[in-house]
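Participant: Shown below is the structure under consideration.
The values are calculated or read from the model by the stated rules, or taken from the named source; none is laboratory data. No experiment lies behind these values; they were computed from the predicted model shown. Neighbour counts are summed over all protein chains in view; Cβ atoms, including those assigned to glycine, are modelled from backbone coordinates with ideal geometry.
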């Protein structure tokens, strides 16, 4: 049994397992929120309450969210067990 000081100075920790998440769904939710903010900022900009920059920030959020959704759909797929876990895509086989 190691001494207490050695255990305190060099703890052994095991990392928790990764959380299974559908990244496309998460990014879709964020993109929808940016879209709602875009509509609100568009109305406020038309009423001359908010600057155009705020509208542009929301539009950027929507565009980046769409890019993220496409990335998640292309670079991962849901596991067949129905847990919502993303798994790596199957490796491409070169037709030689």
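Participant: Name the single residue, out of those in segment 37-94 being in contact with a strand residue (DSSP E or B) (Cβ under 8 Å, 6 or more places away or on another chain) and not in a loop (DSSP other than H, G, I, E, B), that is modelled with the highest pLDDT.
Facilitator: In this case the residue turns out to be 72.
Participant: Any idea which of 8, 33 is assigned to a helix (DSSP H, G or I), surrounded by fewer than 10 Cβ atoms within 10 Å (Cβ to Cβ), free of Cβ contacts under 8 Å to residues at least 40 places away in the same chain and on the phi < 0 side of the Ramachandran plot? Spell out how you get there, then give the answer.
Facilitator: Details: 33 fails: surrounded by fewer than 10 Cβ atoms within 10 Å (Cβ to Cβ).
Just a single option satisfies the conditions, and that option is 8.
Participant: A further question follows. Among the residues of segment 9-24, are any modelled with pLDDT of 85 or more and closer than 24 Å to residue 63 by Cα?
Facilitator: The answer is no, given that none of the residues of segment 9-24 is modelled with pLDDT of 85 or more and closer than 24 Å to residue 63 by Cα.
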